[in-house]
Structure formats: structure tokens, C-alpha cells
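Everything below concerns the one structure shown next.
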Amino acid sequence: MSVAATLERFAATMPQAAARDEIGVARVRWLGTRGWVAYSPDRAQQQFRKANRIPPILALDLLDTLMYLPFGHEVAVQSMAVAAQRRLRRLPAGAVTWSSTTVTRRIAPPVTPLLAMVQATDWATGLRAASRFAMYCRRLMVIPELPADERAALAEASFYGIGVAVRRGESLTTVLEPEEFTEWQPTAAWWRFTEEVARGAGKES
């Protein structure tokens, strides 16, 4: 069984997956770190993007501007700064629609990240890698074995809110649950992360 299949099966058993109809796992590279992200797809948004051939939107200035437009609602163009209008004009066709007086946002984050998983053989390296996903979703470090001082190691991971799972072959055993992700804020950086996850999912399919 592939790493992706193992992690996808594991992610589907996590508590945050219970309320989701569908869970996917994508391989991503974020801030120089490779990891796997379990996510819930927005199928309507993905189908819309595919039909309109809209690629991932990765420019932070564009995403920041989009966030000020309510999804699916017309906004008077004259109420927007000229610089914001120029940024919206840079978007791929279909991302927003224009009338003579209004603009309407048609795209939204394509997925909801649920859990970032990183594999490591070194404890400290794994903690640093998992920490790079702290602003986007729950985090889990997957290792082949615990350090000699298990209690101190798990206390350290718990302090940072990082879960720990031990992988043996095709099975993963959770020894520390990841902290609940309660401080989520809708930022341009978070939206860009969802775009990267969706792009990673596309490469896997």
C-alpha cells in the first residue's frame, strides 16, 4: 500500500473526518517542507474551476483582494479602489464576472484542509516540519519509533499542539492526538494554502 493510501485511510478515522462526506489526501510542499494534507473538497467549486479552466490562484495580492468580495454577490465597482480593480483584472477569466457597474466573485477556496501530516526519522526535525503548518490546520508527525524518553518527547509535542503517530508497515498508531484547530482565521495565506493542497491533489489524480 502506498504512503498516500495509508495516510488517506488513517485520516478517514480521525475525529474531524466524522462530519465530512469525503476525505482526500494530497502531497504538498509548503515553506520548504514536504507533507501530506488530508482535506475535504468543495466539489461544486472544483467542477466550476474545471469547466472554466481556472488554474490555482497563488498570488497573495490577488487572494487578499478576493477576500474582500462576498462570494456570489455583486459589488459596485465604484466602491472599490482603482488598484483593487486592476488586481481583479489580472485574474483568469471566470474567476470574477463583470457588468458595467458591478463585479462578482465566483471562486472560493477549493478545499478545506483538515490535517497536515509529516514523516520524520528525527524527532526535532519532525516537530519543526509540522510547525510550519500551524496556521492552517491540525498537525500530525509520523515517526517509526518514539525517542527513548517517551514522556518528555510527547510532552514537548503536546506543548506545540502536534499529534504523534507511529508507523509500522502499513499501519499507523496514534500515541498523541493533535490539538484541535480553534484559532483559524480566513487569511490570504490560508487561501493560498488551500490552492496548494488542491494543486497537489490534482497531481496525485
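Let's see how each residue does on (1) in the same structural domain as VAL37 (by TED's automatic domain parsing); (2) more than 14 Å from LEU31 (Cβ to Cβ); (3) at pLDDT 95 or above:
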position	(1), (2), (3)
GLN119	yes, yes, no
ALA134	yes, no, no
ARG138	yes, yes, no
PRO144	yes, yes, no
ASP149	yes, yes, no
LEU154	yes, yes, yes
ALA157	yes, yes, yes
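For region 172-205, name all the residues that are more than 28 Å from LYS50 (Cβ to Cβ) and polar (S, T, N, Q).
THR173, THR174, THR182, GLN185
Can you find a residue that is in contact with a strand residue (DSSP E or B) (Cβ under 9 Å, 6 or more places away or on another chain), farther than 18 Å from SER131 by Cβ, assigned by TED's automatic domain parsing to the domain that holds ASP122 and at pLDDT 90 or above anywhere in region 176-185?
Within region 176-185, the first condition is being in contact with a strand residue (DSSP E or B) (Cβ under 9 Å, 6 or more places away or on another chain), and the residues that meet it are 176-181.
In the following step, the residues that additionally are farther than 18 Å from SER131 by Cβ were identified as none.
So far as region 176-185 goes, no, none of its residues is in contact with a strand residue (DSSP E or B) (Cβ under 9 Å, 6 or more places away or on another chain), farther than 18 Å from SER131 by Cβ, assigned by TED's automatic domain parsing to the domain that holds ASP122 and at pLDDT 90 or above.
Against the definition (in contact with a Pro (Cβ under 7 Å, 6 or more places away or on another chain) and either surrounded by fewer than 15 Cβ atoms within 10 Å (Cβ to Cβ) or of a type in the set (Ser, Thr, Tyr) (or both)), how does PRO70 come out, yes or no?
So PRO70 fails the test.
Does at least one position in region 162-174 carry a residue that is closer than 22 Å to ARG27 by Cβ, assigned by TED's automatic domain parsing to the domain that holds VAL25, surrounded by 17 or more Cβ atoms within 10 Å (Cβ to Cβ) and within 13 Å of the chain's Cα centre (by Cα)?
Scanning region 162-174 turns up no residue that is closer than 22 Å to ARG27 by Cβ, assigned by TED's automatic domain parsing to the domain that holds VAL25, surrounded by 17 or more Cβ atoms within 10 Å (Cβ to Cβ) and within 13 Å of the chain's Cα centre (by Cα).
Just checking, does region 21-35 include any residue being modelled with pLDDT under 65, assigned to a loop (DSSP other than H, G, I, E, B) and in contact with a strand residue (DSSP E or B) (Cβ under 9 Å, 6 or more places away or on another chain)?
Yes: region 21-35 contains one or more residues that are modelled with pLDDT under 65, assigned to a loop (DSSP other than H, G, I, E, B) and in contact with a strand residue (DSSP E or B) (Cβ under 9 Å, 6 or more places away or on another chain).
Residues are listed down the side, and each one gets a yes or a no for (1) under 22 Å from the mean Cα position of the chain (by Cα); (2) within 30 Å of ILE57 (Cα to Cα); (3) among the acidic types (Asp, Glu):
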| residue | (1), (2), (3) |
| --- | --- |
| GLN119 | yes, yes, no |
| ALA124 | no, no, no |
| LEU154 | no, no, no |
| SER158 | yes, no, no |
| PRO178 | yes, yes, no |
| GLN185 | yes, yes, no |
| VAL197 | yes, yes, no |
| ALA201 | yes, yes, no |
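Got at least one residue in region 63-77 being of a type in the set (Asp, Glu) and under 15 Å from ALA188 (Cα atoms)?
Scanning region 63-77, I find at least one residue that is of a type in the set (Asp, Glu) and under 15 Å from ALA188 (Cα atoms), so the answer is yes.
Quick one: is VAL164 free of Cβ contacts under 8 Å to residues at least 60 places away in the same chain, assigned to a strand (DSSP E or B) and within 22 Å of ILE23 (Cβ to Cβ)?
Taking the combined requirement at face value, the residue satisfies it.
Does region 36-67 hold any residues that are assigned to a loop (DSSP other than H, G, I, E, B) and surrounded by 13 or more Cβ atoms within 10 Å (Cβ to Cβ), and which are they?
Matches in region 36-67: ASP42, ILE54, PRO56, ILE57, ALA59, MET67.
Could you say which residue among GLN85, GLN46 is in contact with a strand residue (DSSP E or B) (Cβ under 9 Å, 6 or more places away or on another chain) and modelled with pLDDT under 95?
After applying the criteria, what remains is GLN46.
The values are calculated or read from the model by the stated rules, or taken from the named source; none is laboratory data. Small disclaimer: the values here were computed from a predicted structure and weren't measured. Here the Cβ is made from the backbone with ideal geometry for all residues, glycine too, and neighbour counts use every protein chain on show.
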